[in-house]
Amino acid sequence: MGLARDRDVLSGALLAGLGVFILTQALEWTYLGPDGPGPGFFPTWYGLAMIALSLGLVVKAAFKPDPESRAAVDWHGTARALMTWAAFAGSIALMLPLGFFASVGLLTCFVVAWVMGKSLFTALLTAIGIAAGFWLVFPFALGINLPTGTLWPPLLAAVGIG
């Protein structure tokens, strides 16, 4: 097998391409505004870091190849990674109806229970802790409102909380 079939080279090239896309999109946004960093600040640095680290992975694979990176594909691990990605995408889709805290809690519960193989009790405690942590940092400490969703306000009003 040649270097082109090396998983590190392939993934590094794909991630570098994604980094270039992120960077080109970010350069169309305001980098610095009158109040400080604009919407293009973080994605610009994220894209640059992604490009640099991805190319570093490709160079490392070219000069010091890892025999395991040329082994057969681990389909079980690949399926778990793709399911994690799908769960992340699903949590984004659920953010509008359920809100940020519920969707990130469900994502955390799924990742802890299914990907990490922990008990459902541990997954639920972790999900509640993560959601509570986000609530303590953003709305409570910083006063930044995160999406509450369309389902919660009427539900809370129906039970007399909202």
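The values are calculated or read from the model by the stated rules, or taken from the named source; none is laboratory data. These numbers come from a predicted model, not from an experiment. Glycine gets a Cβ as well: all are built from the backbone with ideal geometry, and neighbour counts include every protein chain shown. Surface accessibility is based on the protein's heavy atoms, side chains included, excluding ligands, DNA and RNA. Shrake-Rupley method; radii C 1.70, N 1.55, O 1.52, S 1.80 Å.
How many Å² of accessible area per residue for the chain, probe 1.4 Å?
Using a 1.4 Å probe on heavy atoms only, each residue of the chain averages 68 Å².
Quick check: pseudo-label points 7 Å beyond the Cα along Cα→Cβ at L96 and M116, how many nm apart are they?
So the two model labels end up 3.1 nm from each other.
Between the helical axis of 41-63 and the dominant principal axis of the chain, each derived from Cα atoms, what acute angle in degrees is found, rounded to the nearest 10?
For 41-63 against the chain, the angle is about 30 degrees.
Select from F110, F88, F63 the residue whose mean-square fluctuation is largest in a Gaussian network model of the chain (Cα-Cα springs shorter than 10 Å).
F63
In sequence order, what are the phi-derived ³J(HN,Hα) couplings for the range 96-101 according to the Karplus relation 6.51 cos²θ - 1.76 cosθ + 1.60 with θ = phi - 60°, rounded to whole Hz, with x for glycine and proline?
With the stated coefficients, the range 96-101 comes to 5, x, 9, x, 4, 5 Hz.
In whole percent, what relative contact order does the chain give with Cα contacts below 8 Å and a gap of six or more residues?
Contact order relative to length: 18 percent.
Accessible area of S11, 1.4 Å probe, to the nearest 10 Å²?
40
Quick check on the chain: helices-only [θ] at 222 nm, where DSSP H runs of length 4 and up contribute -39,500 (n - 2.57) each and the sum goes over total residues. Nearest 500, please.
-21000 deg cm²/dmol
Any idea how far apart F21 and T78 come out in nm if each label point goes 7 Å out from Cα toward Cβ?
The two pseudo-label positions are separated by 1.9 nm.
Given a 1.4 Å probe and heavy atoms of the protein chains only, how would you sort R7, R80, largest accessible area at the top?
Result of the area sort, largest leading: R7, R80.
Take the chain, connect every pair of alpha-carbon atoms lying under 10 Å apart with a spring to form a Gaussian network, then pick out the residue of L27, L94, L146 with the largest mean-square fluctuation.
Of L27, L94, L146, the most mobile in the Gaussian network model is L27.
Please compute the modelled spin-label separation between I144 and L53, points set 7 Å along Cα→Cβ, answer in nm with one decimal.
Result: 2.0 nm between the two label points.
Hey, what angle do you get for helix 120-135 against the long axis of the chain, alpha-carbon based, 0 to 90 degrees rounded to 10?
80
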